[in-house]
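The values are calculated or read from the model by the stated rules, or taken from the named source; none is laboratory data. A quick note: this is a predicted structure, and the numbers were derived from the prediction, not measured. Positions of Cβ are generated from backbone atoms using ideal geometry, with glycine treated the same way; all protein chains shown enter the neighbour counts.
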Ligand code: TRP
């Protein structure tokens, strides 16, 4: 790397983020990501929200369900408040420039950089020799997702920070190697706010996850009011009342999680929540929490059902999104082809 002063990227600010098409989005996806994406629409003129189905085939591809899951996740984006007219909502595989840029980036990224990625090690576990090359390459594809739009800001959870650093390294090396100093921006992670770490309802040390065998550990975006109440009532707590301030949450991870969920849902700080509930017992707090959750998730679940019932209308939205995404990506990819020196 050169130690020249970093070039000033002068292009437009642009947000890009994505989620894998997994079935069963839950409260962690909503509070940790979608709610934040919705808010970013007010702060940035251009937001691009992608359903990353190319990433989804790196582990256990399932052609029977993939397209349906992509639609469902897109429906969740929209139901949560992503406006597909204002923002671009589309499915990754519909814009082929993602894969084309990935190849170029494969030749920019260094083995050592990608080998350091901890998520690969976690996902591959003991089977490093048997997982797909795609799983190893996952973070390079992710860098291409962002940079094929020259996106400048990327809302992600803490667990994706390392992948974003790789994207910055790839952008920097491309800019240096091809002597195009400010071609790619170095995308900034926007580590998602207070709701970013939503933990299991049964174990405050584990993230809320759709792969947990027990459904009682999570609130699904489509759970109805009764189900939410049952799950919150059974959530692990301790016998003490709620503390008077956020300070008192230390060492009480399950309580901290529930207060955090209340705060993120109601748009308050933990201190504000505890001003109201400090000193009270869970017999009072839990029904109030279930209530806030049900009133926020209810309309979203209804909208998801409405969108999923009309796949034709949803596909029209996704086709429009893919066209608008490609209108940004294609000229950038054409420039990359010239910079690299491909024949034309
Ligand atoms: N890897 C991300 C996750 O698991 C999903 C993702 C793929 C993504 N491409 C992206 C997120 C580009 C942000 C930008 O959460």
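Within segment 78-104, how many residues are within 13 Å of the ligand (Cβ to nearest atom) and part of a helix (DSSP H, G or I)?
6
Restricting the search to segment 33-57, which residues are more than 14 Å from residue 77 (Cβ to Cβ) and near the ligand (Cβ under 10 Å from one of its atoms)?
The answer is 54, 55, 56.
Given 232, 198, 228, which one is under 17 Å from the mean Cα position of the chain (by Cα), surrounded by 20 or more Cβ atoms within 10 Å (Cβ to Cβ) and over 16 Å from residue 19 (Cα atoms)?
198
Evaluate segment 245-253: report whether one residue or more is outside the structural domain of residue 158 (by TED's automatic domain parsing), at positive phi, surrounded by fewer than 18 Cβ atoms within 10 Å (Cβ to Cβ) and free of Cβ contacts under 8 Å to residues at least 24 places away in the same chain.
The answer is yes, given that some residue of segment 245-253 is outside the structural domain of residue 158 (by TED's automatic domain parsing), at positive phi, surrounded by fewer than 18 Cβ atoms within 10 Å (Cβ to Cβ) and free of Cβ contacts under 8 Å to residues at least 24 places away in the same chain.
Any chance segment 326-336 includes a residue that's surrounded by 13 or more Cβ atoms within 10 Å (Cβ to Cβ), under 21 Å from the mean Cα position of the chain (by Cα), in the same structural domain as residue 184 (by TED's automatic domain parsing) and under 30 Å from residue 223 (Cβ atoms)?
Within segment 326-336 (the criterion being surrounded by 13 or more Cβ atoms within 10 Å (Cβ to Cβ), under 21 Å from the mean Cα position of the chain (by Cα), in the same structural domain as residue 184 (by TED's automatic domain parsing) and under 30 Å from residue 223 (Cβ atoms)), the answer is no, since none of the residues qualifies.
Table: residues versus (1) more than 28 Å from the chain's Cα centre (by Cα); (2) closer than 25 Å to residue 230 by Cβ; (3) assigned to a helix (DSSP H, G or I).
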position	(1), (2), (3)
257	no, yes, yes
274	yes, yes, yes
289	no, yes, yes
292	no, yes, yes
298	no, yes, yes
316	no, no, yes
343	yes, no, no
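Being more than 10 Å from the ligand (Cβ to nearest atom) and at pLDDT below 95 is true for just one of 60, 72. Which residue is that?
Exactly one of 60, 72 is more than 10 Å from the ligand (Cβ to nearest atom) and at pLDDT below 95, namely 60.
Of the residues in segment 59-109, how many are touching a helix residue (DSSP H, G or I) at 6+ places or on another chain (Cβ under 8 Å) and loosely packed, with under 13 Cβ neighbours inside 10 Å?
Selection size over segment 59-109: 2.
Which one is farthest from residue 308 (Cα to Cα) among residues in segment 35-66 that are in a helix (DSSP H, G or I) and touching a residue at least 60 places away in the same chain (Cβ under 8 Å)?
Across segment 35-66, the extreme among qualifying residues is 40.
Taking residue 32, is it under 15 Å from the mean Cα position of the chain (by Cα), within 21 Å of residue 304 (Cβ to Cβ) and not in a helix (DSSP H, G or I)?
no
Would you confirm, using the coordinates I've provided, whether residue 245 is closer than 26 Å to residue 280 by Cα, more than 16 Å from the ligand (Cβ to nearest atom) and in contact with a strand residue (DSSP E or B) (Cβ under 8 Å, 6 or more places away or on another chain)?
In short, no.
Taking only segment 115-152 into account, find how many residues are away from the ligand (no atom under 14 Å from the Cβ) and either closer than 13 Å to residue 165 by Cα or touching a strand residue (DSSP E or B) at 6+ places or on another chain (Cβ under 6 Å) (or both).
1
Run residue 24 past the list (1) touching a residue at least 40 places away in the same chain (Cβ under 8 Å); (2) at negative phi; (3) assigned to a loop (DSSP other than H, G, I, E, B) and report the number of the one that doesn't hold.
Unmet for residue 24, out of (1) touching a residue at least 40 places away in the same chain (Cβ under 8 Å); (2) at negative phi; (3) assigned to a loop (DSSP other than H, G, I, E, B): (2).
Considering every residue within segment 303-315, establish whether at least one is buried (at least 20 other Cβ atoms within 10 Å of the Cβ), within 17 Å of residue 223 (Cβ to Cβ) and touching a residue at least 60 places away in the same chain (Cβ under 8 Å).
yes
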